[in-house]
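Participant: Dumping the structure here so I can ask a few things about it.
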Amino acid sequence: MPMYEYYCPDCHTKFEALRPMSQADEAIACKQCESDRATRTLSLFATFSRDSNRVSSQPAPSNFGGGCCGGACGCSH
Ligand SMILES: [Zn+2]
């Protein structure tokens, strides 16, 4: 079961909950104040602060953009 992050506007608390995907967007009871107005936040896997140090961690494509037809192999493209 995937874990989702929810935010409660009544007590301003973020919390995570394991729910089936079909119920991910349904209202959930807040774990803090038991309000039923908590809704799912859009960050699926991590908070912004936790994510900020891996912004440019995409690996450079090594096999793309000029391997064969970049001019080195002599083809006419
Ligand atoms: Zn709450």
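Read-outs: derived from the displayed coordinates by stated rules, not from any lab. Predicted model, so just to flag it, every value in this text is computed and none were measured. We place every Cβ from the backbone using ideal geometry, glycine too, and count neighbours over all the protein chains shown.
Participant: For segment 1-42, which GluC sites (Glu not before Pro) are in a loop by DSSP, counting at most 13 other Cβ atoms within 10 Å?
Facilitator: Answer by residue number: 26, 34.
Participant: Under the 0.36 nm per residue contour assumption, what length would be gained going from the current alpha-carbon distance of residue 23 and residue 42 to full extension?
Facilitator: Details: separation 19, 0.36 × 19 = 6.84 nm, distance 1.48 nm.
Between residue 23 and residue 42, full extension yields 5.4 nm more.
Participant: In whole Å, what are the extents of segment 3-48 along the principal axes defined by its C-alpha atoms, from largest to smallest?
Facilitator: Dimensions of segment 3-48 along the principal axes of its Cα atoms: 25, 23, 13 Å.
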